Amino acid sequence: MNTHSLSKSTFVRGCNCTKSLYLYKKHSELITDIDEKQQAIFDSGHDIGRLAQELFPNGTDAKPENPSEFPLAVALTRKLMDEGCNIIYEAAFQYDGVLAATDILVRDGNNWSAYEVKGSTKVKEEYFSDTALQYYVITNSGRSLKDFSVIHLNNQYVKRGSLEVEKLFKMTSVKNEVETMQEFVKKKIIELKNIIQLNEVPKIKIRSYCRDPYECEFIDHCWDHIPKEHSVFTLNRIGASAFEMVEAGILTLDQIPTNYKLAKSPAFQLQYFKSGAILIEKKEISDFLGQFLYPLYFFDFETYMMAVPEFDFSRPYQQIPFQYSLHVLRSENHELEHFEFLGDGFHDPRAELIKKMIIDLGVNGSIITYNSSFEKTRLKELAEDFPQFAHPIESIINRIVDLMKPFQSRWYYHPGFEGSYSIKNVLPVLVPDLNYSSMEIQEGGTASLVYSLLRDQDSDTRIVQRKQLLDYCRLDTLAMVEILHVLRKI
Ligand code: SF4
C-alpha cells in the first residue's frame with residue numbers, strides 16, 4: 001500500500017507555520033479541542049461542498065469511508081478516470097509522497113477540469129497554497145488539467161423560491177495563479193518533508209500567523225508564556241509591535257518603558273493604565289445626553305447568519321435578526337417596561353419581528369442602541385427585503401442614538417476598559433453588579449449558534465434554550481439602561 005508523508009491540509013499547515021506541521025505530526029496531544037462554534041463552521045463547509053456537487057450532478061464519489069484508506073481512493077480515482085467516468089467527487093491523487101484530493105473533477109473533452117469548493121464569498125489569498133498543491137500533485141501524477149477553479153458563494157444571490165445552485169455559486173479560475181506557484185510548491189514539499197524528519201521542534205516565534213488566517217490549535221502551547229492579564233497584546237491596535245516587545249522580554253503593560261514608541265491609540269491606553277486615572281469630559285457627555293427624548297427605548301437585535309440562504313429574500317451570510325429585547329422608560333419617574341421578540345427557530349422570523357417591533361417602538365422618543373451602525377444596517381436590510389414596512393422602519397432609523405458615542409469619542413475613559421469601547425468591556429467597569437458570568441449564554445456568537453440549532457433540539461431543551469436566549473438579550477438592553485444611569489450621574 002502506498003503511503004504519504006504530506007497531505008493537502010498538512011501542506012497548507014506547513015506553509016503557514018512549520019512548527020504547527022511538526023507539532024501536528026509528532027505532538028498531536030498538544031492540540032486544543034475546537035469549540036462548538038468552530039465545529040459549526042466546519043459542518044457548514046461540508047454542507048456547502050455537498051451542495052456544490054449539484055452543479056455537476058450524478059458524479060461518482062471516490063471518498064474513502066475512513067481517512068486512513070486514502071490510498072484506495074487514489075486507486076479508485078485512477079480506475080474511474082480510465083474507465084470513462086465523467087464526474088468524480090473527492091478525486092484523490094498521490095505523487096512523491098504527497099496526497100491531494102480535489103472536490104470535483106470533471107471530464108472536459110480529452111482533458112479534465114478541477115474544482116475546489118470554498119464556503120467564502122470570494123477567492124482568498126490563503127486558497128492559493130491549497131489549490132497550487134492540488135494542481136502540482138494532479139499534473140505530476142500524469143493527468144493534465146484544462147482548468148482549475150474555485151467554486152465559492154455569490155453574495156449577490158437573493159433566494160426567491162427554490163434554491164438555484166447555478167446562481168448561488170460563482171466559479172473563478174485560478175489556473176494562472178497556481179501555475180506560477182509550481183516551483184514554490186516543489187521546493188516547499190522538500191522543505192516540509194525535512195521538517196517532519198527533525199528530532200526537535202523547529203524554533204519558530206509567535207506571530208500574527210498564529211491567528212491569521214485561522215486560529216492555530218497550538219496557541220495554548222506556544223503562547224503559554226504570555227500572561228493572561230494585562231499582557232502587551234491587550235493594547236488596542238498594537239499590531240506587530242506586540243511581538244517585538246515580547247522578543248525584547250516585555251510581556252506586560254507595566255514592563256513597557258515610558259519612552260517606548262507607540263502609536264496614538266495604544267499610547268493613550270498605556271498612559272491611563274499606568275496612571276490609573278479616569279478621563280471624564282462632562283460638557284460633551286452632558287450635551288450628548290441632552291439630545292435624548294422621552295420615552296427612551298433601549299433596543300438590541302440578535303442575529304444569525306446562514307452561508308446558504310434558507311429564506312426567500314435573503315442572501316448568503318446575510319445577518320438575519322431573530323430576536324430583540326426592548327426596555328422602555330416612558331419618563332424619568334416611570335417604571336421600566338420590557339418587551340421582547342424571539343423567532344421560533346423553524347421559520348423566517350423577520351416579518352413577525354418587524355410587525356411587533358413597529359408596535360413596540362411607538363412613534364416618538366429616542367431609540368438607544370449600543371454600536372448603532374449594526375442596528376441601522378440590519379433595519380435598512382429589513383426595509384429592503386420587506387418594502388411594505390420600509391416607511392415605519394425608516395422612521396425608526398431616524399430616531400436611533402448611539403450610547404457607545406461617549407466611550408468611542410473618549411469623553412469617558414476608564415483604564416478597566418482596556419482600550420476598548422465595546423459594551424462587554426464598558427459594562428463590568430461601570431456596573432460591576434450586572435454581568436454575564438452567571439448566564440448560560442454570555443455573548444452574541446453563542447446566542448446565534450444556539451438559535452440556529454434550536455430546531456434540532458427536543459422540545460424540553462428548546463424551552464430551556466429559548467429562556468436562555470431571552471435572558472441574555474434582556475441583559476443587553478438592561479445594561480444600556482444602567483450605563484445611561486451612570487452617565488447621567490456624572
Ligand atoms: S501557535 Fe503560532 S507558532 Fe505555534 S504552531 Fe501555531 S502558528 Fe506556529
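Calculated over the chain, the projected area of the Cα convex hull averaged across directions stands at 27.8 nm². Counting 0.36 nm for each residue step from E200 to E179 and taking away their Cα separation leaves a gain of 4.2 nm. Can you find, among A92, A75, T139, the residue sitting farthest towards the positive end of the charge dipole of the chain, where Lys and Arg contribute +1 and Asp and Glu -1 at Cβ? With unit charges placed on the Cβ atoms, the residue in question is T139. Which shape class, rounded, prolate or oblate, goes with segment 325-436 when its Cα gyration tensor gives a ≥ b ≥ c as root eigenvalues, a/c under 1.5 marks rounded, and past that a/b bigger than b/c marks prolate? Prolate is the answer for segment 325-436, as a/c is 1.5 or above and a/b outweighs b/c. Mean separation of Cα pairs under 8 Å and 6 or more residues apart, divided by the residue count, gives the chain a relative contact order of 13 percent. For a Förster distance of 35 Å, can you work out the FRET efficiency between the beta-carbons of A75 and E125, rounded to the nearest 0.05? Computed FRET efficiency for A75 and E125 comes out at 0.55. Under the shape rule built on the C-alpha gyration tensor, where the axes satisfy a ≥ b ≥ c, segment 397-450 is oblate, since a/c reaches at least 1.5 while a/b does not exceed b/c. Taking 28 Å as the limit for the C-alpha separation, the pairs K19/K175; K124/K188; K122/K188; K170/K205 exceed it in the case of K19/K175; K170/K205. The charge dipole of segment 106-237, taken about its Cα centre with unit charges on the Cβ atoms of Lys, Arg (+1), Asp and Glu (-1) only, comes to about 320 debye.
Simple point charges give the picture: +1 on the Cβ of Lys and Arg, -1 on the Cβ of Asp and Glu, and for segment 284-489 a dipole about the Cα centre of about 420 debye.
With a simple spin-label model that places each label point 7 Å from the Cα along the Cα-to-Cβ direction, the separation between D312 and H225 comes to 6.1 nm. Applying 0.36 nm per residue to the separation of N333 and E247 and subtracting their alpha-carbon distance, the gain on full extension is 25.3 nm.
Please give the charge dipole size of the chain, origin at the Cα centre, charges +1 on K and R Cβ atoms and -1 on D and E Cβ atoms. Round to the nearest 20 debye. About 1380 debye.
The alpha-carbon of K282 sits under 28 angstrom from the alpha-carbons of these lysines, leaving out residues fewer than 8 places away in its chain: K264, K274, K376, K405, K424, K489. Applying 0.36 nm per residue to the separation of I280 and L434 and subtracting their alpha-carbon distance, the gain on full extension is 53.3 nm. Round to the nearest 0.05 the FRET efficiency obtained for Y214 and A240 when R0 = 22 Å and r is the Cβ-Cβ distance. Once rounded, the FRET efficiency stands at 0.75. Taken along the Cα-to-beta-carbon direction at a fixed 7 Å, the label points for H347 and H27 span 5.5 nm.
Relative to the longest principal axis of the Cα atoms of the chain, the long axis of helix 127-140 makes an angle of roughly 10 degrees. The angle between the Cα long axis of helix 459-489 and the main principal axis of the chain comes to about 50°, on a 0 to 90 degree scale. Kindly express, to the nearest 10 degrees and within the range 0 to 90, the angle between helix 182-197's C-alpha long axis and the longest C-alpha principal axis of the chain. Around 90 degrees separate the two axes.
For the pair T461 and S144, label points projected 7 Å from Cα toward Cβ lie 5.4 nm apart. Each of L484, G444, V123 was scored by the projection of its Cα onto the charge dipole of the chain, and the greatest displacement toward the positive side belongs to V123; charges sit on the C-beta of Lys, Arg, Asp and Glu.
Values in this text are rule-based calculations from the coordinates and carry no lab data. This is a predicted model, so every value here is computed, not measured. In this analysis, Cβ positions are derived from the backbone assuming ideal geometry, glycine residues included, and neighbour counts consider all displayed protein chains.
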